[in-house]
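Taking it in order: structure first as structure tokens, then the write-up.
The values are calculated or read from the model by the stated rules, or taken from the named source; none is laboratory data. All figures in this text were calculated on a predicted structure; none of them were measured in a lab. Cβ placement follows ideal geometry from the backbone for every residue including glycine, while neighbour counts extend to all protein chains displayed. When the accessible area is computed, the model is the full protein with side chains, heavy atoms only, and any ligands, DNA or RNA have been set aside. Shrake-Rupley method; radii C 1.70, N 1.55, O 1.52, S 1.80 Å.
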Amino acid sequence: MPGEAAREDGWMGEAVAAARQGIAAGQSPFGCVIVLGDAPLAAAHNQVWAAGDPTAHAEITAIRLAAQRRGTISLAGCVLYSTCEPCPMCMAAIHWARIDRVVYGAAIADAAAAGFHELALSAARLLKLGRSPVRLEGGCRAAECRALFAEWQAAGKSAAY
């Protein structure tokens, strides 16, 4: 439905904005927004370098914030928008948080091509192997999300991990 596509495009735009805030702050080029219905619960960018924490990916940071705001570890009914296909660690956290659906832009292969030390295991494959009910949809604003890697490289403020 056209209204839903426009809404999804808008939420991904918020994730892109979060990624750009991260790039400006010297972090890597990943952004995430978690939404419940028509309301955003959390927006975050990657904070691995700032926190000195290899688990501080944008998705993990947003999940932590959303759970705190809801006062529960269950994020059932939520949709997570990520500028890049979630890595296996993030997909596991998404599953455990009971998030209903993930919409992402760039593919995990794009992150690997930008120099990130990615596992060669797609989010779809992980969900299938784990028999997770999380729905996964890729390619939302994909070109813009892929362009974040070039923006990050041009900024030269942080390194891949």
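Here are the numbers:
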| item | result |
| --- | --- |
| With all protein chains modelled, accessible area of Asp53 [1.4 Å, Å²] | 40 |
| Relative contact order for the chain, counting Cα pairs under 8 Å that sit 6 or more residues apart, in percent | 22 |
| Entry for percent of Cα pairs over 27 Å apart (calculated from the structure that is shown) out of [x] 15; [y] 21; [z] 36 | [x] |
| Cut-off under 5 Å, modelled amide H: who pairs with Gly139 long-range | Tyr104, Gly105 |
| Solvent-accessible area per residue, Å², over segment 1-140 with all protein chains present [probe radius 1.4 Å] | 46 |
| Apportionment of accessible area to carbon and sulfur, segment 1-54, percent (1.4 Å) | 58 |
| Nonlocal amide H pairs with Gly31, under 5 Å, H built at 1.01 Å | Ala19, Thr83, Cys84 |
| Beta bridge orientation in the chain: antiparallel %, DSSP, nearest 5 | 60 |
| Accessible surface, 1.4 Å probe, highest first, among residues Trp11, Trp96, Trp49 | Trp96, Trp49, Trp11 |
| Computed E for His117/Thr72 - FRET, C-beta separation, R0 30 angstrom, nearest 0.05 | 0.35 |
| Contour minus Cα-Cα distance for Ala143 and Ala39 (0.36 nm per residue) | 34.9 nm |
| Extended-chain gain in nm, criterion 0.36 nm per residue less alpha-carbon gap, Arg131 and Asp9 | 41.1 nm |
| Full-extension gain in nm, Arg64 to Tyr161, via 0.36 nm per residue minus C-alpha separation | 32.8 nm |
| Distant-in-sequence amide H partners of Leu41 (H built 1.01 Å from N, under 5 Å) | Ile34, Val35, Leu36 |
